[in-house]
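Take a look at the structure set out below.
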Amino acid sequence: MLSDHVVRGEGEVCQTPGYEPLIYNMCTSAVEYSNAYAQNLVLYLNSFDKTDGKRESNWASFVVPKLVKRFKAVQLFHVSRSGDSLISVAIPFDSILDPFLIMTSIAHEISHYCSSKIRMRESRALYFIKCIAYIICMDLHIYTDNTLKICVRLLIKNYRELHEIRKEPKGSLYLDKTRVRVERSVYRLLSERKQLEKLHKAFWQDPSRTDGQSAQEIADKMNTKLHIAFSDLIPHQTGELVSIKMHIADIEYFLKEGFADCLMVYVLDLCKDDYLLIVLNYFLRLGNEFDDAKYSSPNFRDAGKQAQVFQRAFIISSLFEQKAFWIGNPKSRLKRGFWEDKYQALMDNFLERYKEWKNGELSDRSYYNPEVLEFIIYYLKDCLALISDVERDYPAIKSQRDALKKTFNEVINADDIFNDTYQNMLQEYRKKILERCAQEDAFYFEEEV
């Protein structure tokens with residue numbers, strides 16, 4: 001039988017494109033448990049949208065073990081009959097029996113898609129603009145508090161006018177569309193003389209300015225730099241040319257990944273050390289390379305993925321220090337010695353960089369000033385405050401999160417991952433699947449009749 005199995009497997013590998021023989025040697029209950037956990041997480045996040053009293057699109061998910069380096073979720077399609085959507089979460093084969101990595105990574109990936117309300121998309125667009133306005137003022141060497149306010153005001157005006165001209169739907173504030181609008185708003189700012197004159201005037205007349213430059217000197221410097229801006233390039237503080245689009249892509253990345261990290265930490269009540277291990281594991285799985293070309297900006301190319309991932313972790317570490325998660329001081333869930341040897345050198349490097357960044361002593365051009373990432377931290381704190389308010393007003397939603405935390409704690413702390421909590425979740429999941437199948441059969445039967 002074994003010989004026959006091997007022969008058939010080799011034949012499939014040779015003859016069937018995309019055939020993955022490892023799937024036949026996988027723990028099916030572990031995959032099923034991952035699906036059950038993911039679906040419970042989706043139900044919790046969907047609950048926030050239903051508090052507004054209107055029918056929001058629901059999401060469903062399923063987990064797919066694959067020969068991949070990292071966890072990744074993608075939206076497959078919209079089901080036309082109900083308006084619901086389906087998420088596929090790819091997980092690496094070698095992680096399927098690691099409950100800590102599975103449950104935290106699925107929480108992160110699902111958070112990219114579920115729940116519209118708690119993303120606060122309009123507020124996110126405003127913080128996006130503030131980040132870019134700060135970068136523009138610094139790169140043009142015209143930064144003062146007043147100049148920043150004027151720059152933000154001009155970008156918001158451009159953003160809203162372009163939005164109305166194109167007659168885009170009011171709710172179309174997805175992050176990728178927001179990024180495109182911000183790009184257009186910046187181009188309009190840098191290409192219209194009236195707007196540039198307002199920036200110049202704000203900087204020249206600011207009483208807090210101490211550089212001693214005349215109005216003509218300021219104008220000459222701005223004109224020199226803005227000549228480059230017409231080709232969509234502005235000079236970086238180091239004098240090297242960096243595309244403004246790349247700065248915008250960097251901020252998009254921090255907003256996107258920062259929100260998912262923030263929600264993962266909040267839902268599972270993670271401590272700072274456990275969070276850092278998850279992020280460093282993500283970095284080590286990829287190596288010092290980029291998984292998405294859109295985010296491989298010149299700002300990060302020399303330092304590679306490390307600068308990008310570290311700044312993600314800077315944001316969440318700052319939230320921990322500011323006690324933004326309201327979770328006290330949870331202890332690490334990991335057993336002593338777990339991952340320590342593998343991650344210690346990278347962890348030490350991160351902590352050193354974080355201290356330098358926080359104190360404004362980090363001169364590496366791959367890292368943004370604390371003031372830039374501070375806007376993202378403000379946005380995430382607003383999201384956490386909204387989540388807390390909703391859970392206070394709707395105890396049933398909070399009880400869903402409590403159940404997720406309890407399951408997470410009991411599964412990862414058990415000597416045997418196939419424990420009672422694990423088995424109970426599987427039984428409940430199987431029961432729901434059978435009920436849903438019965439409902440679908442009844443629906444299609446009625447249609448045929």
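Any read-out appearing in this document is the output of simple, stated calculations on the displayed coordinates, not a laboratory observation. Predicted, not measured: the structure shown is a model, and the values here were computed from it. Note that we place each Cβ from the backbone using ideal geometry, even for glycine, and neighbour counts take in every protein chain shown.
Put a dot 7 Å past the Cα of His141, heading toward its Cβ, do the same for Tyr394, and the two dots end up 5.3 nm apart. Across region 383-388, coupling constants 3J(HN,Hα) worked out from phi with the 6.51/-1.76/1.60 Karplus curve, θ = phi - 60°, read 4, 5, 5, 5, 4, 4 Hz, and Gly and Pro carry x. A full extension of the chain between Ile156 and Asp382 corresponds to an added length of 79.4 nm, given 0.36 nm per residue minus the alpha carbon distance. Annotation: amide H of Val64 within the under-5 Å range of Val89, Ala90, Ile91, sequence separation 5 or more or interchain, hydrogens built in the peptide plane. Here Ile316, Ile278 are placed in order of increasing Cβ neighbour count within 10 Å, fewest first, which gives Ile278, Ile316. Near Leu362: Cβ cut-off under 11 Å, other residues only, Lys/Arg at +1 and Asp/Glu at -1. The net charge is 0.
Take the Cβ atoms of Asp206 and Ala414, set R0 to 56 Å, and the FRET efficiency comes out at 0.35.
Distance check, please: which entries in Lys272/Lys398; Lys198/Lys381; Lys201/Lys358; Lys117/Lys149; Lys355/Lys398 exceed 26 angstrom between their Cα atoms? From Lys272/Lys398; Lys198/Lys381; Lys201/Lys358; Lys117/Lys149; Lys355/Lys398, over 26 Å: Lys198/Lys381; Lys201/Lys358; Lys117/Lys149; Lys355/Lys398.
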